[in-house]
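Q: One structure, as structure tokens, below. Some questions next.
The values are calculated or read from the model by the stated rules, or taken from the named source; none is laboratory data. Treat the numbers as computed from the prediction; the structure is a model and nothing was measured. Cβ placement follows ideal geometry from the backbone for every residue including glycine, while neighbour counts extend to all protein chains displayed.
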Amino acid sequence: MKELISKQMRSNFKHLLDIDNLTSNDISKLLENSSVMLEVINRDIKKVPTLRGKTIITLFYESSTRTRVSFEQAGKILSADVINITTSTSSTQKGESLYDTALTLQAMKPDILVIRHPHSGAPHFLANHIETSVINAGDGTHAHPTQTLLDLFTIKKQLGSIENKKVTIVGDIRYSRVARSNIWGLVKMGANVTLCAPSTLIHKKTFGPCIESENHPFNMVQIESDLLKAINGADVIMPLRLQKERQAHGHLPTLREYSRRYGISNSKMAHANPEAIVMHPGPMNEGVEIDPDVAHGRQSVIEDQVTNGVAIRMALLHSISSGNIMTPETSN
Ligand code: CP
């Protein structure tokens with residue numbers, strides 16, 4: 001079998017817990033491999049034997065449409081066996097701890113465990129306590145690295161490059177794991193990031209105590225409370241959902257007021273670069289952070305993000321199961 005092994009960017013690529021410990025070369029290589037995977041997704045017969053004999057378990061302690069289904073689809077296209085577990089039907093309902101659940105699943109010898117959990121740090125805890133590879137599919141307010149990879153892939157595909165592009169992220173920065181991981185990924189890849197939110201939904205302390213260093217990505221973003229200034233000349237506008245499930249207290253006077261000031265409408269988009277794209281990690285609350293006309297309009301690439309999410313997860317599953325970020329073999 002022809003094995004196209006390109007220059008290896010990283011050895012011992014066992015887990016993906018966040019973006020911070022990937023190099024820009026690692027990310028570039030994963031994006032390159034995702035293009036190969038996208039070609040497979042667009043075939044009539046979407047099936048290659050790349051991960052035949054491998055078992056992937058998805059363990060979701062929070063609801064999800066895009067992430068869970070795309071991991072399942074990615075694994076199945078690559079011929080892996082994929083087993084999905086949701087907490088509503090697992091022994092978690094009988095009081096079993098995350099640790100015991102993970103040990104139980106590990107005893108069934110899966111190759112990769114994909115976990116989403118409401119508590120920040122849960123995937124790191126598992127990676128420290130089990131032998132199986134762990135992929136973080138979103139943990140609390142902390143990180144969502146596969147969302148970042150698919151967002152980077154989408155920007156590169158739509159705009160040709162990521163470097164020097166102005167990316168404006170708007171909304172609930174404070175509680176958003178997508179914002180955190182995206183800041184890491186976008187800054188690593190040379191984008192200029194602007195964050196825009198009401199003061200109650202963004203704060204330097206939002207990012208934790210780790211931002212002493214001037215070169216930390218969280219110190220390399222612009223913070224702008226005026227939406228029109230934040231959007232001015234932007235190449236990418238990324239509104240975020242209000243993460244009400246994580247907000248301990250009300251942070252906004254009214255949703256209508258929030259939507260008027262921070263919701264992305266066509267009239268506000270007129271201040272962006274005319275070729276700008278609109279992205280949203282989903283799920284969207286149309287009429288709150290984004291108008292339906294924008295969500296489904298000419299500049300929206302939101303559905304492309306979903307397709308790209310399958311490709312990026314295919315590339316990632318392949319790399320993790322190989323232990324290296326290397327170009328996949330995708331012939332039938
Ligand atoms: N973007 C994202 O994580 O969406 P889901 O919650 O539907 O997986």
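Q: Looking at (1) in contact (Cβ under 8 Å) with a residue 12 or more places away in the chain; (2) part of a helix (DSSP H, G or I); (3) more than 13 Å from P328 (Cβ to Cβ), which is the one condition that is false for V69?
A: Against the list (1) in contact (Cβ under 8 Å) with a residue 12 or more places away in the chain; (2) part of a helix (DSSP H, G or I); (3) more than 13 Å from P328 (Cβ to Cβ), V69 comes up short only on (1).
Q: Considering only residues of region 123-134 that are buried (at least 23 other Cβ atoms within 10 Å of the Cβ) and part of a helix (DSSP H, G or I), which is farthest from the ligand (Cβ to nearest atom)?
A: Only one residue tops the list, namely L126.
Q: Please find, among M279, M269, M314, the residue that is among the hydrophobic types (A, V, I, L, M, F, W, C), surrounded by 15 or more Cβ atoms within 10 Å (Cβ to Cβ), within 16 Å of the ligand (Cβ to nearest atom) and at pLDDT 95 or above.
A: M279
Q: Identify, by number, the condition in (1) in the same structural domain as L228 (by TED's automatic domain parsing); (2) outside any loop (DSSP other than H, G, I, E, B); (3) under 19 Å from the mean Cα position of the chain (by Cα) that A137 doesn't meet.
A: Result: A137 fails condition (1) only.
Q: Another question, then. Has region 144-153 got any residue that is touching a residue at least 40 places away in the same chain (Cβ under 8 Å), part of a loop (DSSP other than H, G, I, E, B) and within 16 Å of the ligand (Cβ to nearest atom)?
A: Yes, the conditions are met somewhere in region 144-153.
Q: What number goes with the only condition from (1) buried (at least 17 other Cβ atoms within 10 Å of the Cβ); (2) touching a Lys or Arg at 6+ places or on another chain (Cβ under 9 Å) that K46 does not pass?
A: For K46, the exception is condition (1).
Q: Quick check on region 157-189: of everything there that is touching a strand residue (DSSP E or B) at 6+ places or on another chain (Cβ under 8 Å) and of a type in the set (D, E, K, R), which residue is nearest to the ligand (Cβ to nearest atom)?
A: For region 157-189, the residue satisfying everything is R177.
Q: Just the residues that are in contact with a Lys or Arg (Cβ under 8 Å, 6 or more places away or on another chain) and part of a helix (DSSP H, G or I), please, taken from region 270-316.
A: Residues satisfying the conditions are D304, V306, N308, G309.
Rundown of residues vs (1) of a type in the set (S, T, N, Q); (2) at pLDDT below 95; (3) farther than 24 Å from A179 by Cβ, yes/no style:
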{"residue": "S97", "(1), (2), (3)": "yes, yes, yes"}
{"residue": "P110", "(1), (2), (3)": "no, no, yes"}
{"residue": "P123", "(1), (2), (3)": "no, no, no"}
{"residue": "A127", "(1), (2), (3)": "no, no, no"}
{"residue": "E131", "(1), (2), (3)": "no, no, yes"}
